[in-house]
Amino acid sequence: MVHRIHAWDRTAFKRCRREWDLSSPNRRNLEPIARSSPVDLGQALREALAVYYFPGMWEWDRAIVQPLVHQALDRSVRGQIAADADGRTDEHAQQEALDWGHALLDAYAAWAPTVDDFTPIRVNTDFEANIPDPAAVGANLLTASGDEIRYCDRVDLLAIDSDDAYWVLQHRLVTEAWADQHSLQLDEQTIAWSWAWPQFYLGMQISGTVYNEIRTDAGELGVKAPPPAGRPPVHHRRMYARSGTVSGERLHTEGTDAFRRTHIRRGETELAAAGRDLAVEVSMATSANLDVYPSPAPSICARCSYRVPCVMMNQGHDPTVELSQAYQQRPPESLQEGRLGGVTWSMNRGAAPPPNWSHRS
């Protein structure tokens, strides 16, 4: 058996243990019974940009690729808006999301070539990585019952630059101000991507993280500055196991009022610390003696889908009836056939390593 810790699961554990206990696939595995919900614009954008940066089409004329990008947005938006009990969909919400998305993608296609100084290697790629046990050199973390533990997430984009250095890129939809530099430098998810990828794709080192920030109103703002002259064309490149040498500044940012691109180089010490922190948190989350308690705060409770049963438990009431009526078991994960970036553990790396395997450079 494999005990999988997903990135969102890790975030939930640190945010509020009670919410995590109710929602985690490794705990009660409950989700609210489906009701109408707004379109996840970030998901629609990521799925569209996966087509824009699809490696097999990177050298194609963008005039050919762009209609395919828009089709991907259409599929994502329409797939997210579920029909009600009578088979009706919210056509107004659907059209509003589509209009927003198409305007944004056109503006992005005008800006991106001014900053895309890399070659896409993979898009929307799922990965799994064993977590080394900091207390036992050469061994990986296991549950109390001996099950292998893997950290799982999905990388938006893996790219290689002209120096043969590999970068992981995250697409971010921005509703208010740009993220401050300290927040980006401390960003847990993408640092974990950089730490985990060499274990998923053996020996491939990640040089840094790139944040592709896109304002929600980018379609209205558009691109006000012409493309800078002198940026060399980027051609398709193969994926190699080793990264080239990265030189230059630690952090570099460029952009417009509508878009911003930030590169941050990540050092070995930083990535090693990320692995140790993950191991500590996972050891705690899988402990047989773990205490589960809420972390009430306006910023946490306002977005929580488990407030009613949580309040009942705080008052000493049994939430069983509420949980059985308003929640259901989360369906098991399944590999989406044909999804861009969808891979299995064995793709490009052989069979999964045994539980006591540990990669050393």
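The values are calculated or read from the model by the stated rules, or taken from the named source; none is laboratory data. Here the structure is a predicted model, which is why all the values come from computation and not from measurement. When we count neighbours, we look across all protein chains shown, and the Cβ atoms used for this are built from the backbone with ideal geometry, even at glycine.
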Quick test of your reading of the structure: Leu49 fulfils all but one of (1) within 30 Å of Leu98 (Cβ to Cβ); (2) in contact with an Asp or Glu (Cβ under 6 Å, 6 or more places away or on another chain). Name the failing condition by number.
(2)
Here the residues within the stretch 1-22 that are more than 22 Å from Leu142 (Cα to Cα) and either crowded, with 18+ Cβ neighbours inside 10 Å or at pLDDT below 95 (or both) are Cys16, Arg18, Glu19, Leu22
Just for the stretch 103-156: of the residues that are assigned to a strand (DSSP E or B) and either modelled with pLDDT under 90 or aromatic (Phe, Trp, Tyr) (or both), which one is surrounded by the most Cβ atoms within 10 Å (Cβ to Cβ)?
Tyr151
Among (1) surrounded by 23 or more Cβ atoms within 10 Å (Cβ to Cβ); (2) out of contact with any Leu (no Cβ under 7 Å at 6 or more places or on another chain), where does Arg172 come up short?
(1)
The stretch 176-216: number of residues that are touching a residue at least 40 places away in the same chain (Cβ under 8 Å), more than 18 Å from the chain's Cα centre (by Cα) and surrounded by fewer than 16 Cβ atoms within 10 Å (Cβ to Cβ):
3
Among the candidates Asp180, Asp257, Asp187, which residue alone is out of contact with any strand residue (DSSP E or B) (no Cβ under 9 Å at 6 or more places or on another chain), farther than 25 Å from Pro55 by Cα, at pLDDT 90 or above and not hydroxyl-bearing (Ser, Thr, Tyr)?
Asp180
Every pair of residues 6+ apart whose Cβ atoms lie under 7 Å, when the first sits in the stretch 318-347 and is more than 30 Å from Phe54 (Cα to Cα) and modelled with pLDDT of 55 or more while the second is among the acidic types (Asp, Glu) and surrounded by 13 or more Cβ atoms within 10 Å (Cβ to Cβ)
Tyr327/Glu31; Gln328/Glu31; Arg330/Glu31
Across the stretch 284-300, what is the number of residues that are polar (S, T, N, Q), modelled with pLDDT under 95 and surrounded by 11 or more Cβ atoms within 10 Å (Cβ to Cβ)?
2
Looking only at the stretch 272-283, and only at residues there that are surrounded by 18 or more Cβ atoms within 10 Å (Cβ to Cβ) and not small (Gly, Ala, Ser), the one that is nearest to the chain's Cα centre (by Cα)
Leu278
Tabulated pairs, the stretch 258-286, first within 23 Å of Val174 (Cβ to Cβ), second among the aliphatic types (A, V, I, L, M) and loosely packed, with under 14 Cβ neighbours inside 10 Å, C-beta under 9 angstrom, 6+ apart or interchain
Thr262/Leu251; His263/Leu251; Ile264/Leu251; Arg265/Leu251
Which one of Val69, Val77, Val65, Val39 is surrounded by 14 or more Cβ atoms within 10 Å (Cβ to Cβ), at pLDDT 95 or above and within 20 Å of the chain's Cα centre (by Cα)?
Val69
Could you list, ordered by first residue, the pairs with Cβ atoms under 8 Å in which the first is in the stretch 287-306 and within 22 Å of Thr143 (Cβ to Cβ) and the second is part of a loop (DSSP other than H, G, I, E, B) and of a type outside the set (Asp, Glu), at least 6 apart or interchain?
Ser287/Ala144; Ala288/Ala144
Please go through the stretch 205-238 and pick out each residue that is at pLDDT below 90, touching a helix residue (DSSP H, G or I) at 6+ places or on another chain (Cβ under 9 Å) and assigned to a loop (DSSP other than H, G, I, E, B).
Gly222, Val223, Ala225, Pro226, Pro227, Pro228, Arg231, His236
